[in-house]
Amino acid sequence: MYALEVVDLTVSVSGKRILKNVSLNIKCGEVVLLLGPNGSGKSTLVQTIIGNPKYRVESGKIIFYGEDITKLPMEARVLKGISLAYQIPPKIRGVKVRDLIVHMLRKRGKTKNIVSELEEYASLLKVQHLLDREINVGFSGGEMKRVELLLTLMQKPKLALLDEVDSGVDVENIALMGKVINEHLVGSGASTLIITHTAQIAKYVKADKAYVMINGSIKCEGDAEKIVKTILQYGFEKCIKCLGWKL
Amino acid sequence: MNTLSKSRELFKERARKALTKKSTYGPDIDLEPYIRKHLESSSLETLNIRDPKIQTRLESVGVDVSETGRSGSYYQVDWKIISYYSRIPGVKVLTLEDALENYWDVIKDYFWKAIPVDRDKYTATVELYGRGGYVILVDDGVKVENPIQTCLLMYTRNILQAPHNIIVLGDNAELHVITGCTFLKEPSGIHLSVSEFYVGKGSKLTFTMIHGWGLQQHIRPRTGVIVEDEGEFISHYIVLSPPGTLQTYPTVKLRGRDSKAYISSVSVGLNTSIMDIGAEIILEGRRSIGEIVSRSLGRDKSTITARSRIVGLGRESKGHIECMGLLLSDSAVIEAVPQLSAQTDDVELTHEASIGRIAEDEIYYLMSKGFTYEEAKSIIVRGFMSIEVKGIPKTLRNMIENVINIVSSKL
Ligand SMILES: Nc1ncnc2c1ncn2[C@@H]1O[C@H](COP(=O)(O)OP(=O)(O)OP(=O)(O)O)[C@@H](O)[C@H]1O
Ligand SMILES: [Mg+2]
């Protein structure tokens, strides 16, 4: 059974075609890496999966647990169990992290144990001091990432899309986030798509499979460890040449 | 003639000369018809303040109708004083007339001292035709925990309401005042008010004002505040529903060393309302600190001008202005006018201002957390309106949160 199937997806933003015939899938409970250089279209892909209206699907399909969700509005996809941790979340003035999380969970009908769960996850991710701050206002890069991961954990998603959780994060915190992802996301049975261009997080989270996206298309798919190793050693550019990929 | 009537005559003399003097800011209002009506009608329509409908309106502007959480209160409808009392020894809640009559020796140092009677035709009208207004006197060393609430309500059609309010805190005193102003039946008439606040040495006054008006109303409050050494003045003004026109420009003079002022306002512009909401802080005292924060929300064809001015005179004084506008419609206009003036070289004055519409990316971000477009928008609007005012009691903060929640959900 697949948690996610992206089938031949072509996507444009503001009239510009960004993704070309992308296909990718994630089996239930799998951890999948999506690698690729800056500007290759990784964020575009996850924004399209979650249903951000800015990204227009020209052709192709997105299937979640067997259901075609290509035309579903964003909030409906989220309520079905997809969660996206933003690469660069916006700041929202006057809205406290704690209040947003409580509101988000109440909306899903959860009323019990919100506070205790929030405290638990916040302390795991070392973000207790941020709960009563306005969301992302004055947060450091690493703090933003940890709060995004906190929001994802609190949603208890079936499919977690983690966009660059490791970029701009120091070594200790990557290890910390890796541990939390392993124990509380992967460990709870969620399927996970981890986007990274540095592959740092791959040191801590064992992935089943990896994709490499270049210039809006998937150029390689295979064993995560091998792909990560090749990329870390040769970089994307060399890697493309060595494998004979065409741009 | 005793000294009261002598001084009063002098004030009235000056006022008469200013009766045609327009305000520097805001649309000019012809007061003639209102004054004429005021002089003609002597009787008021009767009203029952305990009427559930009226109580709901009072609650909408933050009034605790049960009064359990209040240290005292003052109710005025049109120009008629309904009730007033204080539960706290060392704190007097009086009417202006009562205070002038019986406490002139105290009042004479504060009456038209923070605002000149001939500032403009509105202050002049208050002196010549005004009635009522609360006077709150707090003795040295008295710290009042629960707020005192004052309610200035408008009931009769095309009424002129023109109270003169005075609050005097002695030294090392503390007082929280919550003022709710609204119409009870017909949203028409003119509300002019003069408020003179005096904060003694080491004292703290917080003033929360919530206004809910209607389009046939015109509002011209005039406020002057003087703060002595180590005194602190905190004010939070919320306009939940706008009048036809409103113009106000409270001036806080931080006269004492180490004195502080924080003035914030949240205004919601709807329909064709025109609001000109300003504030000025004069940093006179050494190491005085002033901050002005405003949030303007423009919908429909409303116009909001947010003025703020900080003048640095005292050595080592500091001031900051934060002025933000959010446009919810193409036809609304928001204008921000922050002004800083430094008159010695070791003051530190800064400002930040921004006006824009809701960023789409913020809406999509919230939608990616499971909210609908409308929910996301209302979360952002509510966040925009919720300024965290430090230093006011929790009960007031909760009350403010409630009214903001209700208003933002309707925008
Ligand atoms: N709203 C937009 N308007 C125009 N171009 C856009 C828009 N959003 C994305 N793009 C373009 O699409 C391309 C892919 O961007 P995307 O953010 O998906 O890359 P990425 O792989 O996530 O890169 P990074 O590793 O830097 O995060 C880029 O060239 C980007 O400039
Ligand atoms: Mg990206």
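Read-outs throughout are calculated quantities, based only on the coordinates presented, and are distinct from any laboratory measurement. Keep in mind that what you see is a predicted model, and the values were worked out from it rather than measured. When we count neighbours, we look across all protein chains shown, and the Cβ atoms used for this are built from the backbone with ideal geometry, even at glycine.
From the alpha carbon centroid of segment A:95-159 to that of segment B:2-80 is 48 Å.
B:Asp98 sits among other residues whose Cβ lies under 13 Å from its own Cβ, and their net charge, with Lys and Arg +1 and Asp and Glu -1, is 0.
Take each residue in B:378-386, count the other chain C-beta atoms within 10 Å of its C-beta, and the mean is 4.
Averaging Cα coordinates gives a centre for segment B:187-221 and one for segment B:84-133; these two points are 14 Å apart. This ranking places B:Trp104, B:Trp213 by how few other beta-carbon atoms lie within 10 Å of each, fewest first, which gives B:Trp104, B:Trp213. With neighbour counts taken as other beta-carbon atoms within 10 Å, the residues A:Leu45, B:Leu10 rank, fewest first, as B:Leu10, A:Leu45. Tally Lys/Arg at +1 and Asp/Glu at -1 over every other residue whose Cβ is under 9 Å from the Cβ of A:Gly81; what's the total? Net charge in that neighbourhood comes out at +4. Which shape class applies to chain A: rounded if a/c is under 1.5, otherwise prolate when a/b exceeds b/c and oblate if not, where a ≥ b ≥ c are the square roots of the Cα gyration tensor eigenvalues? It is prolate, given that a/c is not under 1.5 and a/b is the larger ratio.
D by Stokes-Einstein for segment B:3-358, Kirkwood Rh over Cα pairs, 10 °C, 1.306 mPa s: 78 µm²/s.
Residue order for A:Tyr204, A:Tyr211, fewest other beta carbons within 10 angstrom first, comes to A:Tyr204, A:Tyr211. Summing Lys and Arg as +1 and Asp and Glu as -1 over all other residues whose Cβ lies under 15 Å from the Cβ of A:Leu105 gives a net charge of +3.
Pairs of C-alpha atoms in segment B:94-217 farther apart than 18 Å represent 56 percent of all such pairs.
When the pairs A:Lys112/B:Lys390; A:Lys91/A:Lys179; A:Lys96/A:Lys145; A:Lys42/A:Lys219; B:Lys80/B:Lys394; A:Lys16/B:Lys369 are compared against a 21 Å limit on Cα-Cα distance, A:Lys112/B:Lys390; A:Lys91/A:Lys179; B:Lys80/B:Lys394; A:Lys16/B:Lys369 fall above it. Counting each DSSP H run of 4 or more residues in the protein assembly as shown as -39500 (n - 2.57), what helix-only mean residue ellipticity at 222 nm follows after dividing by all residues, to the nearest 500 deg cm²/dmol? Taken over the protein assembly as shown, the calculation gives -8000 deg cm²/dmol.
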